[in-house]
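This report refers to the structure that appears directly beneath it.
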Amino acid sequence: MARVALVTGGTRGIGAAICKAFKSAGYTVAANYGGNDEAAQKFKAEAGIPVFKWDVSSFEACAAGIKQVEAELGPIDVLVNNAGITRDATLHRMKPEQWTAVINTNLNSLFNMCRNVIEGMRERKFGRIVNISSINGQKGQIGQTNYSAAKAGEIGFTKALAQESARVGITVNAIAPGYINTEMVQAVPKDVLEKNILPQIPVGRLGEPEEIARCVLFLAADDAGFITGSTLTANGAQYIA
């Protein structure tokens, strides 16, 4: 029977690539999304992957959403926490709501999602959890104290949960992408990208969403049971932790 994989923020960018990779590998896939109905329906039509709308920053919404996914597709074997937002500003100009929104969506969502699947995984003695962190959670970034704090917190969360879950067949790992060719990066002005970002990347290019998806598939595999608590960097050697 096919493994069931749930990907948050799964209808665009890196999340969409992850969902498509899982489907190609024979998984049963569910894509969560938060608000862009048009993009979600377009993804569903193109990929043939069911979509489920809920706010990952709400514990109650996650509990209800996961219950719906499991009722329709079966128990969740693989969880990829990919959903994330940015609300950039230097700290002396950052508003409390900018801080809170990013922490709630990018970090608190890990508790909200994992808490609602972890008991089932423990009972079944199998689980794969992959958290999509960021290069900026490793090295920091000007204008992103909120985002960097959340993404660094994901790495700490990963290490702790990995130790708690290791003896019951559950692995928990993080991936820290660098600059990936998604809508978020494409929104960066071309001159900033060419003068300030690309010269920092030794391989000389942006990463592609499919490259991150392949990292996820590797960590989610049944035979990846000895790899847990790790952070896999995929940043073209821009930052080596």
### Task
Would you list the helices (runs of 4 or more DSSP H) that sit entirely within the stretch 137-222 and hold 1 or more residues that are polar (S, T, N, Q) and touching a residue at least 40 places away in the same chain (Cβ under 8 Å)?
145-165
### Test set (1) touching a Leu at 6+ places or on another chain (Cβ under 9 Å); (2) small (Gly, Ala, Ser); (3) under 14 Å from Thr8 (Cα atoms) - Ala149 fails condition number
(3)
### Summary
A careful count of residues in the stretch 111-136 that are surrounded by fewer than 18 Cβ atoms within 10 Å (Cβ to Cβ) and in a helix (DSSP H, G or I) gives 7
## Note on the structure
Being at pLDDT 95 or above, buried (at least 19 other Cβ atoms within 10 Å of the Cβ) and not in a loop (DSSP other than H, G, I, E, B) narrows Val69, Val56 down to just Val69
### Query
When you scan the stretch 223-241, how many residues do you find that are assigned to a loop (DSSP other than H, G, I, E, B) and modelled with pLDDT of 95 or more?
13
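Is it the case, given these coordinates, that Asn108 is in contact with a Ser or Thr (Cβ under 9 Å, 6 or more places away or on another chain), over 27 Å from Pro199 (Cβ atoms) and either among the hydrophobic types (A, V, I, L, M, F, W, C) or surrounded by fewer than 20 Cβ atoms within 10 Å (Cβ to Cβ) (or both)?
Spelling it out, Asn108 is indeed in contact with a Ser or Thr (Cβ under 9 Å, 6 or more places away or on another chain), over 27 Å from Pro199 (Cβ atoms) and either among the hydrophobic types (A, V, I, L, M, F, W, C) or surrounded by fewer than 20 Cβ atoms within 10 Å (Cβ to Cβ) (or both).
Provide a single number: the residues in the stretch 215-241 that are surrounded by 14 or more Cβ atoms within 10 Å (Cβ to Cβ) and closer than 27 Å to Leu161 by Cα.
Qualifying residue count, the stretch 215-241: 18.
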### Message
If I filter the stretch 187-195 for residues that are closer than 22 Å to Ala213 by Cα and either surrounded by 12 or more Cβ atoms within 10 Å (Cβ to Cβ) or basic (Lys, Arg) (or both), do I get at least one hit?
### Response
no
### Task
Give the residue that is surrounded by the most Cβ atoms within 10 Å (Cβ to Cβ), with candidates limited to residues of the stretch 137-166 that are under 17 Å from Asp77 (Cα atoms) and among the hydrophobic types (A, V, I, L, M, F, W, C).
Leu161
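Would you tally the residues in the stretch 8-38 being surrounded by fewer than 24 Cβ atoms within 10 Å (Cβ to Cβ) and more than 19 Å from Ile175 (Cα to Cα)?
So the count comes out to 11.
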### Task
Run down Ala21, Ala64, Ala2 and say which single residue is over 17 Å from the mean Cα position of the chain (by Cα), part of a helix (DSSP H, G or I) and among the hydrophobic types (A, V, I, L, M, F, W, C).
Ala64
### Query
Would you say Val51 is of a type in the set (A, V, I, L, M), surrounded by 15 or more Cβ atoms within 10 Å (Cβ to Cβ), within 25 Å of Ala224 (Cα to Cα) and within 17 Å of the chain's Cα centre (by Cα)?
no
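The values are calculated or read from the model by the stated rules, or taken from the named source; none is laboratory data. It should be emphasised that the depicted structure is a prediction, and the values quoted were computed from it without experimental measurement. Backbone-built Cβ (ideal geometry, glycine too); neighbour counts: all protein chains shown.
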